[in-house]
Structure formats: C-alpha cells, structure tokens
1. Find the residue count for segment 330-342, including only residues that are surrounded by 14 or more Cβ atoms within 10 Å (Cβ to Cβ) and either out of contact with any strand residue (DSSP E or B) (no Cβ under 6 Å at 6 or more places or on another chain) or without any contact (Cβ under 8 Å) to a residue 12 or more places away in the chain (or both).
2. Please list, ordered by residue number, the helices (runs of 4 or more DSSP H) wholly in segment 59-135 having 3 or more residues that are loosely packed, with under 15 Cβ neighbours inside 10 Å.
3. Can you spot a residue in segment 273-282 that is of a type in the set (Phe, Trp, Tyr) and surrounded by 18 or more Cβ atoms within 10 Å (Cβ to Cβ)?
4. Residue pairs, Cβ under 6 Å, 6 or more apart or interchain, first in segment 183-196 and among the aromatic types (Phe, Trp, Tyr), second modelled with pLDDT under 85. List them.
5. Give the number of residues within segment 232-242 that are open to solvent by 20 Å² or more (accessible area, probe 1.4 Å) and either without any contact (Cβ under 8 Å) to a residue 60 or more places away in the chain or touching a Cys at 6+ places or on another chain (Cβ under 8 Å) (or both).
6. Exactly one condition in (1) among the acidic types (Asp, Glu); (2) part of a loop (DSSP other than H, G, I, E, B); (3) touching a residue at least 24 places away in the same chain (Cβ under 8 Å) is false for Glu170; which is it?
7. Hey, any hits in segment 148-158 for a residue that's modelled with pLDDT of 85 or more, open to solvent by 60 Å² or more (accessible area, probe 1.4 Å) and farther than 23 Å from Asn335 by Cα?
8. Is it true that Gly245 is open to solvent by less than 50 Å² (accessible area, probe 1.4 Å) and either assigned to a loop (DSSP other than H, G, I, E, B) or on the phi > 0 side of the Ramachandran plot (or both)?
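The values are calculated or read from the model by the stated rules, or taken from the named source; none is laboratory data. The structure presented is a predicted model; accordingly, all values stated were derived computationally and were not measured. Because the Cβ atoms are built from the backbone with ideal geometry, glycine has one as well, and the counts that use them run over all protein chains shown. The accessibility values were calculated without ligands, DNA or RNA, using every heavy atom of the protein model including side chains. Shrake-Rupley method; radii C 1.70, N 1.55, O 1.52, S 1.80 Å.
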Amino acid sequence: MKNGITLEIKATQVFGDIDDAINEGYRYIFLRGSTRSSKTISSLQYIIIECLKEPGISATIARATQVSLKNTILVDFKEVMGTMDLWDKGTFNKVDNVYVFPNGSVIRFIGMDDTTSRLKGMKSDIALVDEVNTVDIEPFEQLNIRLSKWVLCPYNPELTPDHWVLKYEEREDAKLLVSNWRQNAFLDERTKKAIRDLKLTNPDLYEIYSEGKLVEPKEKIFPEIKTYKDLPQGIKEVYYGLDFGYSVDETAVVKLSVKDRDVYVEEIIYEKGLTNEDLAFLMKEKGITRDNDVVCDSAEPKSITELNRNGLQVVGVKKGSGSILYGIQKVKTFNIYIHEDSENLIREWNNYKFKKDRSGNLTKTPIGDDHALDALRYGVLQFLDNQYKKGKYVILV
C-alpha cells in the first residue's frame with residue numbers, strides 16, 4: 001500500500017465483491033443483505049482503505065438521521081478503525097463529525113435529515129450511505145450530484161415494492177450485491193444459531209435477517225425518524241397538542257410549527273403527577289398563552305374547563321369512530337420532523353407498532369407508549385386536516 005502502510009484485515013467475500021464492482025466501473029453499488037453478512041463492515045473497510053491509498057480524497061458516510069448516525073455507523077467506524085490499528089493515526093472532530101487522516105484524506109459523517117444545508121454544499125469523491133432503504137430520495141440525490149466517483153449502499157431488504165432504491169438498482173451503472181450471513185467466515189457459532197432460530201419464532205424476520213430476501217415492512221407504524229435542530233424560515237402556523245395523564249401515564253404537550261406540508265414537532269412537557277393547575281402553570285411558563293390554539297382529548301371536559309379558567313385556550317379534538325387509525329394515516333401524510341432533544345417523542349415514534357395476534361398476523365391495534373404521539377395526532381386532526389375542520393367523521397372498517 002502507498003505511504004509504506006501495510007494492513008491485514010479480516011475480509012469477507014462481500015469485500016471482494018465490492019472491489020470487483022468498483023473495478024468494473026459501477027457508480028452505484030447496492031449491498032442487499034441479511035444481518036451479519038458484513039455488508040456494512042466491508043463497506044467501511046473499503047472506504048477507509050481508499051482514504052489511505054489516495055491522499056487528499058474526500059469521503060462521506062451517511063445515514064438517514066443524525067440521531068441514528070451517532071448510534072450506529074459512527075460506532076462501527078470507530079470499531080473498524082480500532083481493529084485496523086488506525087484510530088489514533090488521525091484526528092476526529094466530535095463537533096463536526098469529521099475524521100482527517102495524516103495524508104489529508106477526509107471522512108465526513110452526516111445525517112441525511114441535515115437542516116444546515118451541508119448536503120447542498122458538500123462535495124465528495126466517494127460515499128457510503130448506510131441503510132439506504134431508510135433514506136428519502138431527495139437528500140440521496142443531493143449527495144449524488146456532488147459525488148465524483150462511486151457510492152456504497154448497504155441495507156437490510158425491508159422496503160416497499162415501489163421504493164426508489166429498487167428503481168436505482170435497475171440502472172446500467174448500478175450493481176446489486178446480495179449477501180447473507182453464510183458468506184461471513186468470521187461469524188461465531190452462537191450468532192449463527194440465533195439467526196437460524198429466527199425461522200422458528202419469526203418467519204418474516206428470518207426472511208429479512210437470515211436470507212436477505214425482500215420483505216415489505218409490516219408492524220412498524222411510522223417511517224425512519226427525521227429530526228431537526230433549528231426551525232426553518234417561513235413558519236406561519238403554530239399549534240399545540242395535549243394528551244392528559246396523571247399517576248400512571250405522562251401528561252404530554254407538543255408544539256407543532258407548520259410550513260406547508262412540513263410539520264416541525266417539539267416535546268414541550270412530558271411528566272407524570274401533574275394536576276390541571278400544575279399543567280396550566282407549566283404551559284404558561286413554556287410561553288403558551290390564551291392567544292395560542294391548544295387541542296386535547298375531548299373525553300376530558302372537566303380538565304378542559306379548568307385549563308381555560310387558568311388563562312389558556314384549549315379545545316377538545318373532534319373524533320369519530322376509527323379516529324386513531326385515521327389520525328395515524330393523516331400524520332403520515334405530512335413531512336414530520338421531530339426536534340432532536342425531544343427524547344420521549346423520538347422513543348415513542350420509533351417503537352410504535354401494530355399488534356400481532358397469536359398466529360403472527362397484524363391487527364389494526366397500535367401498541368407502545370403514545371402520550372406525545374397522541375398529542376401530535378390531536379394537533380394534526382384538529383388544525384391540519386380539512387375533514388376534521390369541517391366537522392366530518394371518517395369511519396374506518
């Protein structure tokens with residue numbers, strides 16, 4: 001290798017397949033694979049080695065959101081660099097998430113939900129977009145048009161039949177590499193058994209995480225979360241949603257800042273044991289006044305009256321039969337962005353699922369904490385849904 005560096009790595013078949021695809025001139029290399037097939041680790045190894053071989057090269061490593069980036073691919077990168085005995089042979093800027101090699105090569109880590117417009121000004125020679133099936137096409141294309149060479153796109157095959165990734169894979173300059181855990185010669189027997197046993201407990205997950213086969217997502221209700229740090233310019237509407245709780249459940253208040261079809265949601269209150277007087281005090285402390293529109297569960301008329309007597313403007317949401325499912329559907333028609341500090345709302349969003357019956361079939365019953373989600377749903381139904389503004393009920397059967 002150049003610069004007198006010699007590396008020994010544990011390379012799987014997937015690493016060799018990546019090398020072949022790039023040497024054959026492909027621009028887009030999609031790595032559809034099961035869990036532990038080494039698709040992500042091999043991609044990281046390849047990116048790192050390219051940075052070492054070519055001084056001054058610019059690389060981007062991305063994931064759908066900044067939150068998921070820090071908890072997944074960035075952790076994997078540090079681990080791979082450690083196994084290659086390279087982590088201390090460069091500098092890592094924790095604020096900007098940038099790693100600089102001694103030869104001037106740079107790797108930038110970015111969430112594709114970036115609100116600082118870094119994507120629109122970031123040029124790269126090579127890139128890695130991890131779990132590309134969770135990424136929207138627009139930010140992918142922003143990265144793509146500023147890319148001079150190639151991009152690696154590993155993902156678990158859980159995506160809808162009309163997903164943009166499948167269309168990209170049909171391009172002449174795209175290569176699809178399908179892999180599973182059997183191609184990873186370094187996998188221990190205990191992990192292999194755990195993957196095989198999925199067939200006994202969860203056939204759907206077995207098809208995805210063992211065989212690497214395409215399976216449409218089922219039980220997860222909301223898509224990959226998109227977060228924001230600062231509100232964009234042009235916010236014209238601001239509303240608040242409230243879900244009552246007390247000793248068992250948290251009382252949740254969220255703020256909805258609306259710009260066209262984009263809704264920026266921030267968790268304002270999430271706390272147990274609040275009386276209505278306590279709640280009114282906290283809401284006013286957070287800057288909510290009688291001039292602000294607040295919507296809550298209409299099943300709490302006494303609480304609504306008490307909050308209004310305490311100087312707020314609170315109304316009950318108009319609900320009809322099937323309003324929970326209808327509300328979920330309406331929330332999904334907007335581009336929802338959640339403030340990066342809204343920990344409870346983020347947790348609820350990521351874990352909200354449809355319940356399965358004893359046979360493993362999906363029901364229409366949502367499960368998971370939903371206090372902040374209910375507050376969001378009330379806000380969408382009351383203020384952003386024309387059906388409900390007109391006082392109509394929608395009955396789902």
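1. 2
2. Correct list: 73-83, 118-121.
3. no
4. If the second residue must be modelled with pLDDT under 85, the pairs left are Phe186/Lys10.
5. Residues in segment 232-242 being open to solvent by 20 Å² or more (accessible area, probe 1.4 Å) and either without any contact (Cβ under 8 Å) to a residue 60 or more places away in the chain or touching a Cys at 6+ places or on another chain (Cβ under 8 Å) (or both): 5 in total.
6. Unmet condition: (3).
7. Within segment 148-158, one or more residues are modelled with pLDDT of 85 or more, open to solvent by 60 Å² or more (accessible area, probe 1.4 Å) and farther than 23 Å from Asn335 by Cα.
8. Judged against the criteria, Gly245 is a match.
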